[in-house]
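The values are calculated or read from the model by the stated rules, or taken from the named source; none is laboratory data. Here the structure is a predicted model, which is why all the values come from computation and not from measurement. FYI the Cβ positions are ideal-geometry reconstructions off the backbone, even for glycines, and counts take in every protein chain you see.
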Amino acid sequence: MSVSDRLFDSFPDTSLTAQQAALDAIARDLVSDAAGAFGRAPDGRQAAGQARQGAQLDKRGVALTPSAKPEPKAEARGGVVARWKLKHTVAEILRDVTPPGKSTPGVCKCGTAGYQAEAVHLVRRGARAGVKGVYFCDSPWLCPSCAPRRAAERAERVQKVFDATERKGGAVVFLTLTVQHVKGQALADLKKLVMDACTKARQGKPWQLAKERYGITGVMVGPEVTWSPAHGWHFHLHVAVPMLLQGDWSSVVATAEEGGRWIVGRYRDYIERAGGRADDDAQDVQVMWRQEDLADYLAKGSGAWEVASAGATKQGKKGLTPWDLAARASATRYRALFAEYAAVMPGTRSCVITKTLADALGIVPEGDEDAPGVDEAEEDDVEVVGSVEPPRWHRLLRGGHVPAVFQAVEDRRPWEDIDRMMTALLDPPPPSHAPSAWEVAEHAKGTRHMFREAGEAVRAAIDREREQAARLGRHFEPPPLRRVLELVAA
Ligand SMILES: [Zn+2]
């Protein structure tokens, strides 16, 4: 049963507890629905990684990395709904931990009406609900709505570098750089340790020589972070190193791999000099040449797959993603961890095409800056379902009701129903006391001996419930009298 079905079903029963129970059930489902719900193209745009489907047979007939890329999932229902639900949680955590006087991160405003907008338009893009004329924060680290789009942009940049390297003749070496970490270590410290060592590994005379020897054109760095109960924060880097190399393929691969090992060795030295440890077998060097594998691998940081599993992943080897932490934020421990992550990661750039790299490969440099704005672009195939005035929209947003509204839009509820639902969400009817026919009948049966007629016993039982309602300050809804009489007579 869909979210709005359950909401609509619960409204005829005007008791507040029934509504609350329905909303709670929805919230629970949304967290578990989040599994698989995000593994698809971001809002209104095509994920770059999905543009190339199917394993391309390399023209040289060799595949060094088996294609582990799963088929893109069919568009999951409720993806937008679940993302907005998670965004509401994230915004609540961050509002909570922002000191008074300091402004909250952009994700707390993501989805609010654009400046001077007269209305927010609820729309359907295909089967998916959406909204038009709102501010988007563009945060790749904090926003479940915006992160998948940013991940797709990163993937696109990786592909550009890949294509250019391929055109010029060479290979892209893909490194994973990690550091040994224990529970309780601050994320900020681990991040600094790893990032500094990675930077220092690429400085000085030895680096200049290595660049020449291995044809290194530059690097693309993609930071990533997970957390596990046993080992705490796991901050690591995915690094793509395009190398322009001449020769037959097997010698290119051998040289490229050697170059990758050289960088890893130097990275490990700098980790040790800084007092850390980075075991050789915890680092990874792969010469990649299937574009879809690489793009997938490098650009996923806080992007698609991580959002995909929010709240539903087992605490396995990979650990919990930041989205998992947010989804579990009803527990103080996870709330604090997400807050720590949110204090450290935003502003960290990923998969930048630097000027050096661009010049060497004959492409255009591209940064990784957040570009927040208002979503006003003209789109085809957008069906406007209805409009909401900004103050009303903001109350829905702040109250965490947008996911329920979106679900109703996806369920193709008539606008009048959606409108009524929004009113009910914002202004719930007063609680009522509504005993069932069975309850009243049972009581009437218990006191039947005190009355001459069954009807009198029933009336007394109903009066008693009415008094109970008055004592509780609730609106009284009697059960159908006829049904009660039938039950008493039975
Ligand atoms: Zn956003």
Inset, instruction - Return the residue satisfying two criteria in turn: it lies in the range 161-184 and is touching a strand residue (DSSP E or B) at 6+ places or on another chain (Cβ under 7 Å) and of a type in the set (Lys, Arg), and of such residues it is farthest from Gly275 (Cα to Cα). - result: Lys168
Legend entry - Number of positions in the range 342-375 that are outside any loop (DSSP other than H, G, I, E, B) and within 16 Å of the ligand (Cβ to nearest atom): 3
Inset, instruction - Check the range 419-441 and report whether any residue there is within 30 Å of Arg125 (Cβ to Cβ) and basic (Lys, Arg). - result: yes
Inset, instruction - Select from the range 109-132 the residues that are crowded, with 19+ Cβ neighbours inside 10 Å and over 16 Å from Asp380 (Cβ atoms) and list them in ascending order. - result: Cys110, Gly111, Thr112, Ala113, Val120, Leu122, Ala129, Val131
Inset, instruction - Answer yes if at least one residue in the range 317-336 is closer than 29 Å to Gly232 by Cα, in the same structural domain as Pro140 (by TED's automatic domain parsing), small (Gly, Ala, Ser) and within 16 Å of the ligand (Cβ to nearest atom), and no otherwise. - result: yes
Inset, instruction - Check whether at least one residue in the range 232-247 is among the hydrophobic types (A, V, I, L, M, F, W, C), in a loop (DSSP other than H, G, I, E, B) and farther than 28 Å from Gln180 by Cα, and report yes or no. - result: yes
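In the set Lys102, Lys211, Lys192, which member is farther than 27 Å from Ala342 by Cβ and without any contact (Cβ under 8 Å) to a residue 12 or more places away in the chain?
Details: Lys102 fails: farther than 27 Å from Ala342 by Cβ; Lys192 fails: farther than 27 Å from Ala342 by Cβ.
Matching residue, one of Lys102, Lys211, Lys192: Lys211.
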Inset, instruction - Those residues that are on the phi > 0 side of the Ramachandran plot and aliphatic (A, V, I, L, M), I need them from the range 329-387; list them, please. - result: none
Inset, instruction - Note down all Cβ pairs under 9 Å where the first residue falls in the range 436-464 and is closer than 10 Å to Val488 by Cβ, the second is among the β-branched types (Val, Ile, Thr) and outside any helix (DSSP H, G or I), and they're at least six residues apart or on different chains. - result: Ala457/Thr447; Ala461/Thr447
Inset, instruction - State whether one or more residues within the range 173-189 are free of Cβ contacts under 8 Å to residues at least 40 places away in the same chain and either farther than 18 Å from Leu361 by Cα or over 25 Å from the mean Cα position of the chain (by Cα) (or both). - result: yes
Inset, instruction - List every residue pair whose Cβ atoms sit under 9 Å apart, with the two residues 6 or more apart in sequence or on different chains, where the first one lies in the range 268-285 and is crowded, with 19+ Cβ neighbours inside 10 Å and the second, anywhere, is among the acidic types (Asp, Glu) and not in a helix (DSSP H, G or I). - result: Arg268/Asp279
Inset, instruction - Take Val158 and decide whether it is modelled with pLDDT of 90 or more, more than 15 Å from the ligand (Cβ to nearest atom), buried (at least 22 other Cβ atoms within 10 Å of the Cβ) and not in a strand (DSSP E or B). - result: no
Inset, instruction - Scan Ala377, Ala360, Ala404 and give me the residue that is over 25 Å from Leu94 (Cα atoms) and touching a helix residue (DSSP H, G or I) at 6+ places or on another chain (Cβ under 9 Å). - result: Ala360
Legend entry - Those residues of the range 352-371 which are buried (at least 16 other Cβ atoms within 10 Å of the Cβ) and either within 24 Å of Trp141 (Cβ to Cβ) or in contact with a Phe, Trp or Tyr (Cβ under 7 Å, 6 or more places away or on another chain) (or both), in sequence order: Val352, Ile353, Thr354, Leu357, Glu366, Asp368, Asp370
Legend entry - Members of the range 88-103 found to be of a type in the set (A, V, I, L, M) and within 16 Å of the ligand (Cβ to nearest atom), listed by number: Val90, Ala91, Ile93, Leu94
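Hey, among the residues in the range 104-137 that are in a strand (DSSP E or B) and within 19 Å of the chain's Cα centre (by Cα), which one's nearest to the ligand (Cβ to nearest atom)?
Phe136
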Inset, instruction - Taking the residues in the range 146-155 that are crowded, with 24+ Cβ neighbours inside 10 Å and within 21 Å of Trp84 (Cα to Cα) as candidates, determine which candidate is nearest to the ligand (Cβ to nearest atom). - result: Cys146
